[in-house]
Structure formats: C-alpha cells, structure tokens
1. Residues that are away from chain B (no Cβ under 11 Å), touching a residue at least 40 places away in the same chain (Cβ under 8 Å), assigned to a strand (DSSP E or B) and surrounded by fewer than 20 Cβ atoms within 10 Å (Cβ to Cβ): does the stretch A:132-151 have at least one?
2. Being more than 16 Å from the ligand (Cβ to nearest atom), acidic (Asp, Glu) and surrounded by 14 or more Cβ atoms within 10 Å (Cβ to Cβ): is that true of residue A:156 here?
3. Within the stretch B:163-183, can you find the residues that are basic (Lys, Arg) and surrounded by fewer than 18 Cβ atoms within 10 Å (Cβ to Cβ)?
4. Among the candidates A:294, A:284, which residue alone is among the acidic types (Asp, Glu), under 26 Å from residue B:13 (Cα atoms) and buried (at least 19 other Cβ atoms within 10 Å of the Cβ)?
5. One residue is enough: does the stretch A:178-198 have a residue meeting the conditions within 16 Å of the ligand (Cβ to nearest atom) and within 22 Å of residue A:37 (Cα to Cα)?
6. When you scan the stretch A:153-163, how many residues do you find that are within 14 Å of chain B (Cβ to nearest Cβ) and either at pLDDT below 95 or part of a strand (DSSP E or B) (or both)?
7. Report every pair of residues separated by at least 6 positions or lying on different chains whose Cβ atoms are under 7 Å apart, first residue within the stretch A:283-305 and at the interface with chain B (Cβ under 10 Å from one of its Cβ atoms) and at pLDDT 95 or above, second more than 9 Å from the ligand (Cβ to nearest atom) and in a helix (DSSP H, G or I).
8. Those residues that are of a type in the set (Val, Ile, Thr), under 25 Å from residue A:300 (Cβ atoms) and within 10 Å of the ligand (Cβ to nearest atom), I need them from the stretch A:233-251; list them, please.
Amino acid sequence: MNKTLIVAEHHDGKLNPATARCVSCAQRIGGDIDVLVLADAPAAVAAAAASLQGVSRVLSVANAANVHALAAVYAPQVKALAADYTHLLAPSTTFGKDLMPRVAALLGVAQVSDLMQVEDAQHFVRPIYAGNALLTVATPAGQTVVATVRTASWPEAAAATQPAPIESRSIDVALPTHTRFIGLESGASDRPDLQSAARVVSGGRALGSADNFKIIYALADTLGAAVGASRAAVDAGYVPSDLQVGQTGKIIAPQLYVAIGISGAIQHLTGIKDAGTIVAINKDAEAPIFEIADFGLVGDLFKLVPELQQALA
Amino acid sequence: MKILVGYKRVVDYNVRVQVKPDGSGVATEGVKLSPNPFDEIALEEALRLRERGVASEVIVVGIGPADLTVHLRNGLAMGANRAIHVVTGDAVQPLTAARALLKLVEKEQPGLVILGKQAIDDDNNQTGQMLAALWDRPQATFASKLHIDAGKARVVREVDAGLETLEIDLPAVVTTDLRLNEPRFIKLPDIMKSKSKPIEALELAALGVEPGDHLEATHYAPPPKRGKGVMVKDVAELVAALKNKGLV
Ligand SMILES: Cc1cc2nc3c(=O)[nH]c(=O)nc-3n(C[C@H](O)[C@H](O)[C@H](O)COP(=O)(O)OP(=O)(O)OC[C@H]3O[C@@H](n4cnc5c(N)ncnc54)[C@H](O)[C@@H]3O)c2cc1C
C-alpha cells in the first residue's frame, strides 16, 4: 500500500498553498498521505495542513534549528522518516527544488523533478526541454519515490470537513551547523502572490525602465492581479528577480495572464502554458507570443495599456 | 584553492526540440549543441574568483561520450586551467553525475564546486544538491551573488520570496542562477592557447561509479497545443471579449 509524506513549505507561520497542490498529487498516487511540518513553532502551519482534505495525519516537529528552511538541516530529518513511506513529495518551488535532491541523494535514489501527471504509483510524466517534450519515467522497483511536484499542474486540495490528527514528533539526528541563514530581502507587497494569483499582468523588455513599469503595476492593481515579468525585464533591473516567469523562474497557472511587450520566447512560454486565458499586447504582429495567446492586440503598449486600464477601472 | 566546475553540453537554447513520431525520444541529430548556459555562468564565476586571487586553479568537468573533448576545449578557451573528461557511453542521470563528481572531489580536494542550477535539456535541477549531500557539505543553490572570505562563502540566492543570503563553510557546492554574472566571449587567441591545456580522460567505471538507480524513460510526447486564439482590433474589443468570458 502507498504511503506518501509531503514536506510542508511555509513562511512566517503560514502554510504555502503549494503544499495543498502536492496533496492533490498525492491523492492521485493513492494511499495514506502524511504532511511533515519542520519548524521552530509549527502549531499554526500544522493546523493548516491538517485541515486539507485527503491528509491522513500531520507530523509536527518543533526544533529551533528549523527556524529557516535550510536544505542541509531539513534533509537528514526527512531521511530519518523516509523508511515508513513509499513516496516523498515537496512542491517544485525553490524550497522543494533545494531540499528534495538532497533527500534523494541521502537515500541513494533518483528524483522525479516537476511531476505533472501520475500514471500509477511508479510512472510519472514530467516536462523536459523547457516543456517542449513530456517524458514518462518509471521509478526503480522497490525504491522510495522522491519527487518535486509541478504546482501549476495540480489544484489545491479542498478544505476537510474533519481535521486530520496532528502528532508531535522529535527526530533524533545530528544536524549540521555549516549553513547559516543571514537574511531575506523580500519583494513582498500587498499585491497577490505571483504563484497563486488568479490574474497576472507581466511586462517585458519593451517597458524600457523601472519607471515605465509603473503602468504594468497600475493595470495589475485595477485587475487585482499579481505582477510578473520576462527574464529580460528582470535582467535589466526593471523589477526584482522573484517576478520572473518561465523555465528558470516561476511556472504559473492563473485564470488570466496578460503579457505586455513580451516576445514569447520558449523559455517564457513554458511558464504560462497552463494559464486559462492568455492576452498579449505587442507592437509586432509576428511576435511568437501571439501563437499561444487567446486574445492578441497589436499596437504600442504605452498607448494601449493606459487605455485598457481606464476601460477596466 | 581549487574550484571544480561542472560543464555540460546540451541542445542549444534556441533549438525548438521535436519529439520523434514513435515517442522513443527527442530528435537531436544534427541540432546545434552548446554549453549549458548555467554552466557557462559557473565557469565565469570561477574564473573571476581566480582573477581576484581567491582561487588558484579552475578545473572544468564534463561527463559524456568521446566527442565531448571539443566542448571541453571551449571551457579551456574561456579560461579554465585544465579539464577532466569522465567518459561514458550514454548521458548519465543526476545521481550518477553526483557520484562521479564526488570521486573527483575526493581526488582533487577543491575548496568550492560550482555547478549550474539546472541543465536546460532535462531541466532536473538536482546534481549540485545531490553532490552536496553525498559529500556531506553545505549547498547554496540558485546563487545570484557569491562572496568568499576566510574559508566561508556568503551567497545571495534567488528564492521565490525574494533574495535570501546564506553563509556557508567551505568546501561547499554552489549552483548558479542567471544573474550571477555575464559570461565572457571566447577570443581567437584563447582558442589557440587552449590547445596546449590538458584534458584528462577517465572512464566512469574506472572512477568506481556504476550508473544505477536510474529513472527509466518509457515514453516521450509533444506537449498539448493551445488552440489558436483570435486577434482583436482594439481595447474595446478586448475588454468585451474578456467580459464575455467572465474574466473581468
Ligand atoms: C537558460 C535560459 C533561461 C531562460 N529563462 C527564462 C525565463 O525563465 N523566463 C523568461 O522570460 N525568459 C527566459 N530566458 C530568456 C528568453 O530566451 C528571452 O530572451 C526573454 O524571455 C525575452 O524577454 P522579452 O520578451 O521581455 O524581450 P524581447 O524578446 O526583447 O521582446 C520584447 C518584445 O516587446 C515588443 N515591443 C517593443 N516595444 C514595444 C511597444 N512599444 N509596444 C508593444 N510591444 C513592444 C517587441 O515587439 C518584442 O516582441 C531564458 C534564456 C536562457 C538562455
């Protein structure tokens, strides 16, 4: 029988919604689903995880060493629990990408990255070549399956009617001190979070400056949307790096994605393929973004974006 | 201090790869191959550390078939002191790559290993973390700034929440993100110079590594296509279309 352990991602005492998406993935695998909360003060996060439908049990580990999500500190703790499970999952966010390969190597097993479909408990589909191909892999028989879950492929698990039990655990393994957290410079704003927002407005190189990017923020605010960007816009310093959408940035699946002054390079498109509706505004009628846009509008963004904002206000 | 740099050859990022009609793989015959962009950034960072006097030697490592030497010459032309070629028939998966790198780490005793955060062919994003685990040393993934001082590295990491700074003891593994640096271009005289630099070839088996614990690739498929959309003539038409779909 399958037994999955999901490593919860959390920040500032809040469970990241990416964890609820892993629960949906684990439900497809079938069997019991436990969620592991490693934290200094795990109570609130554990309660949030326990209230997700499909979760059998939450394992709550309070340890001052867990105050920051350091892969080198978390990995030996996950490994210590691994023997009880057939599958170990975490979201394919920077948290899970950092942690899970370390866990897999400690266990001496391969990892499935960016799991997008479950065929059965041992066969999984994942994207390669910036999403240009989908690969089905079989994991070796008899080995623990370690995977990161491509969150854009899975819905968030619903709220449970009855919360799952929470068990406090202490894990008795030596934890390294060679890795120390110094600080986090957060781009956090009052705007919706890029990874979970229902609407996203993104700007590209065409914006030309950080100052010009204000029209993207203004449109986003009118729509109640999160703001994203192409790599070119981030590289040029118009916006912080955590706004990058694409192969090497965030993979997102909003209901509405508005791409403004973005050409539609394959590395960008792979980050938005699962969006419900894609709108593109570009002055070049031949821009590749129009090949995947549901609604395309050709013209100068500096004229069209303020006009669109006014029409929606 | 020595720095070991992973230097993988991949299908160039501009190539739109096609899945073979029978689903047995992607068509790679005749397509342009290039160094993995993240590995070029890794090599550039190592070269800068050597130029600043922090490192004394930069070694590029490639794992792959016999014809990889041409690719490794590129790394030497960019400025690496020497290259190690781990010779394998087939492409290896991250765990095997990490096991091979560990053997080289034990042999070379580098103070730092810099790898790309991911290779843009299989997009796995695993090898650096796996090496750090097997080596039982710190990892700092997705680096966009690296500062080394007194046996420690201060690394700024691009994480989902913003920019995180870690301090790690050396030796350690760092994986690069895009904004760590801009790799230099190779000049003609450098290509000439690279010809006299050594490339050491080692069989994977001779390192004591057997490829194993592999994922088996059972099927390749093209991604589902999004239906072709419509062009609207102006903002009014766009707003009407969005309203019609209940999106605004
Ligand atoms: C290893 C690697 C990883 C990468 N990862 C990512 C990634 O994760 N995400 C990502 O986005 N990119 C990524 N890239 C970069 C990608 O290849 C493109 O270079 C990038 O997406 C281009 O950004 P852009 O569309 O903003 O700029 P450009 O391609 O320069 O496009 C600008 C567009 O704006 C239009 N335009 C100009 N002026 C106006 C105007 N006044 N009004 C309307 N339209 C206008 C132009 O017609 C053009 O189509 C990666 C590249 C590599 C090599």
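The values are calculated or read from the model by the stated rules, or taken from the named source; none is laboratory data. Everything numeric in this text was worked out from a predicted model, so none of it was measured. Reconstructed Cβ throughout: ideal geometry from the backbone, glycine too, with neighbour counts over all protein chains shown.
1. So far as the stretch A:132-151 goes, no, none of its residues is away from chain B (no Cβ under 11 Å), touching a residue at least 40 places away in the same chain (Cβ under 8 Å), assigned to a strand (DSSP E or B) and surrounded by fewer than 20 Cβ atoms within 10 Å (Cβ to Cβ).
2. Yes, satisfied.
3. Within the stretch B:163-183, none qualify.
4. A:294
5. Taking every residue of the stretch A:178-198 in turn, at least one turns out to be within 16 Å of the ligand (Cβ to nearest atom) and within 22 Å of residue A:37 (Cα to Cα).
6. Qualifying residue count for the region: 0.
7. Pairs found: A:295/B:238; A:295/B:241; A:296/A:290; A:297/B:238; A:304/B:235; A:305/A:215; A:305/A:219.
8. Within the stretch A:233-251, A:234, A:245 meet the criteria.
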